[in-house]
Amino acid sequence: MKQNLLLIASLAASLFLAGCQSPGAKPPVNATKYDYENQLNFVLLDSGVQRSVTSSGIQEKRLPDGRLEVAANVRNRENRRVQVQINCEFKDAQGFVVDSTPFQSFFLTENGQETARFTSMNNQAAKYTIRVRQAR
């Protein structure tokens, strides 16, 4: 009888303690998984451009008025003509977007290369991400 009461008391205590866990705030899960736009200066936004486009180099410089200018050589890896759209998001030192350019269309000839140039609108830009997607 004492053993049954002890078993029931321990079961009740464990259920009570399990129910008392706070359902409050939890940290984000996989917060840094696939966050390439926060880590890289050049990203390919869809599977089509991931297969056919690459960058052979990026150049950046500060203009006399403090604005940031970037130029990326975008190369077609395939033996067919592709059309892509490219934009640049300029970010402050903490990674928050302060300026975003509109997407520009580029026609890349077979195994060809084009240079995409972007200039920030103000001198707050410290980082940037050049983004490439298939033309729509």
request  = With the checklist (1) farther than 30 Å from residue 75 by Cα; (2) surrounded by 10 or more Cβ atoms within 10 Å (Cβ to Cβ); (3) modelled with pLDDT of 65 or more in hand, flag the one item residue 49 doesn't pass.
outcome  = (1)
query = Quick one: how many residues across the range 52-76 are hydrophobic (A, V, I, L, M, F, W, C) and in contact (Cβ under 8 Å) with a residue 60 or more places away in the chain?
reply = 4
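Does residue 79 fit the bill of being in contact (Cβ under 8 Å) with a residue 24 or more places away in the chain, within 17 Å of residue 63 (Cα to Cα) and either in contact with a helix residue (DSSP H, G or I) (Cβ under 7 Å, 6 or more places away or on another chain) or not basic (Lys, Arg) (or both)?
For residue 79, the condition - in contact (Cβ under 8 Å) with a residue 24 or more places away in the chain, within 17 Å of residue 63 (Cα to Cα) and either in contact with a helix residue (DSSP H, G or I) (Cβ under 7 Å, 6 or more places away or on another chain) or not basic (Lys, Arg) (or both) - is not met.
The values are calculated or read from the model by the stated rules, or taken from the named source; none is laboratory data. Since this is a predicted model, take the numbers as computed values, not measurements. Neighbour counts run over all protein chains shown; Cβ positions are idealised from the backbone, glycine included.
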